[in-house]
Amino acid sequence: MEKKPHFVRRELLPREVPSISLALLLAAVLLLNALLYLYLNKFSSSLGRVETDSGLCPFGYFKFGAVKNCSPWLSCEAINREVRKLKCVGEGAVKKVFLSEWKEKKVVLSQLTNSELKEDFLHGLKMLKALQSKHVVRLLGYCEQQFTILTEYHPLGSLRGLNETLHIPKYKGMNTWHRRLMLAIDYVSVIRYLHSSPLGTLVMCDSNDLDKVLSQYLLTSDFHVLVNDLDALPLVNRSAGRLVKCGHRELRGEFVAPEQRWPYGEDVPFEDDLMPPYDEKTDIWKIPDVSNFFLGHVEGSDIVRLHLFDIHAACKKKDPAERPSAQEVLDTYRKVLTLLIREAAMPSTREML
């Protein structure tokens, strides 16, 4: 009887299956690492941009919206002729703020309300002109004779409304530890810029409580932080022995730095002439409290706080000289963000293993 051919089905050897799986796994890990490297490299590049962003116009000019060309700051005549007030959207001790329209675009018109504070108003204008950068709201024009300033409009408003904004369905995807930490980094970047500004070391004096601090900054539509109110920015000049005092009234509470409080006890009445001056380290003291607001109570925010514990403890040193510089705080924030992004990517790698 003829024998049927006997076909033997060759099975993969036990060692071959793991070797193929291992090769695929290694390829996936390498791809993941490459993508992570590209992301972090792009992120580092964006953090390392020069303070005077190359997209900015020369002094005395501005770019608005999608327009590529720079235009000169609007003059008194142009503001009176081309800008139309729509409604009042805010009023402070120094100025009243109007939502306005210029060439069918929303803008903000600020006008002095108290003639006794015109020096503060003009100081704010001087700072706004001199400090134009990616950290500062864009100046569109001004009229000194009429005490009027025209700036870019940001519909999300001040940082006071951050939590409410993040609960709007359109922005809920932004309500993450990652995005919140990036806002804190933006805030510290502004402080660092003011402490090493083209004019010298400037102190953010309108910052006696958290609500006041938040009111000084704007949230842009692409979720960045800009400083908006520059009326109270005194200059520290150590070489000339020049320190500052934020106002002429007694400051109280834990939010302000220890050196800003009356040092002679309750039994001695406050006198401005006896109050010792101080330097920019008062801004450093306040960073942990402001950052705590930014971080909120979303998933992962407590892990961020844990990583920032040491630098925040250093910010709260009673001796101002022992506190870190704004640059040191900023460097630490950036390192923590990079570290946590890497750690967030690692669980998926471990699961593959």
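The values are calculated or read from the model by the stated rules, or taken from the named source; none is laboratory data. Computed from a predicted model, the values in this text were never measured in an experiment. Cβ sites come from the backbone with ideal geometry, for glycine too, and all protein chains shown count toward neighbours. The protein model used for the area step is the full one, side chains on, heavy atoms only, and it has no ligands, DNA or RNA in it. Shrake-Rupley method; radii C 1.70, N 1.55, O 1.52, S 1.80 Å.
Annotation: aspartates and glutamates with alpha-carbon distance below 16 angstrom to K118 (same-chain offsets under eight excluded): E91, E144, D229, D231. When peptides 155-161, 212-218, 308-314 are ranked by their average number of other Cβ atoms within 10 Å per residue, the highest-first order is 212-218, 155-161, 308-314. Taking all protein chains as shown and a probe of 1.4 angstrom, M346 keeps an accessible surface of around 70 Å². Taking 27 Å as the limit for the C-alpha separation, the pairs K63/K286; K63/K281; K172/K212; K106/K129 exceed it in the case of K63/K286; K63/K281. Distance between the 7 Å Cα→Cβ label points at R81 and N237: 4.0 nm.
Potential lengthening of the chain between E144 and D319 amounts to 58.9 nm, from the contour at 0.36 nm per residue minus the alpha-carbon distance. Computed on protein heavy atoms with a 1.4 Å probe, the accessible areas place H307, H297 in the order H297, H307, largest first. Reported value for the range 211-353: 153 Å³ per residue, from the convex hull of its C-alpha atoms. Identify the residues of the range 137-157 with backbone N under 17 Å of a label point that sits 7 angstrom from the Cα of S71 along the Cα-to-Cβ direction, or state none. Those under the cut-off are 138-143, 149-154.
By how many nm would the segment from K103 to D209 grow when fully extended, if each residue of separation counts as 0.36 nm and the alpha-carbon distance is taken off? The partial results should precede the final answer.
Values: separation 106, 0.36 × 106 = 38.16 nm, distance 3.78 nm.
Once the chain is fully extended between K103 and D209, it gains 34.4 nm.
Each Lys and Arg adds +1 at its Cβ and each Asp and Glu adds -1 at its Cβ; summed about the Cα centre, the range 67-217 shows a dipole of about 620 debye.
These residues, R261, R249, go from largest to smallest accessible area, 1.4 Å probe, as R249, R261. Counting only Cα atoms, the range 71-153 measures 34, 28, 23 Å along its principal axes, largest extent leading.
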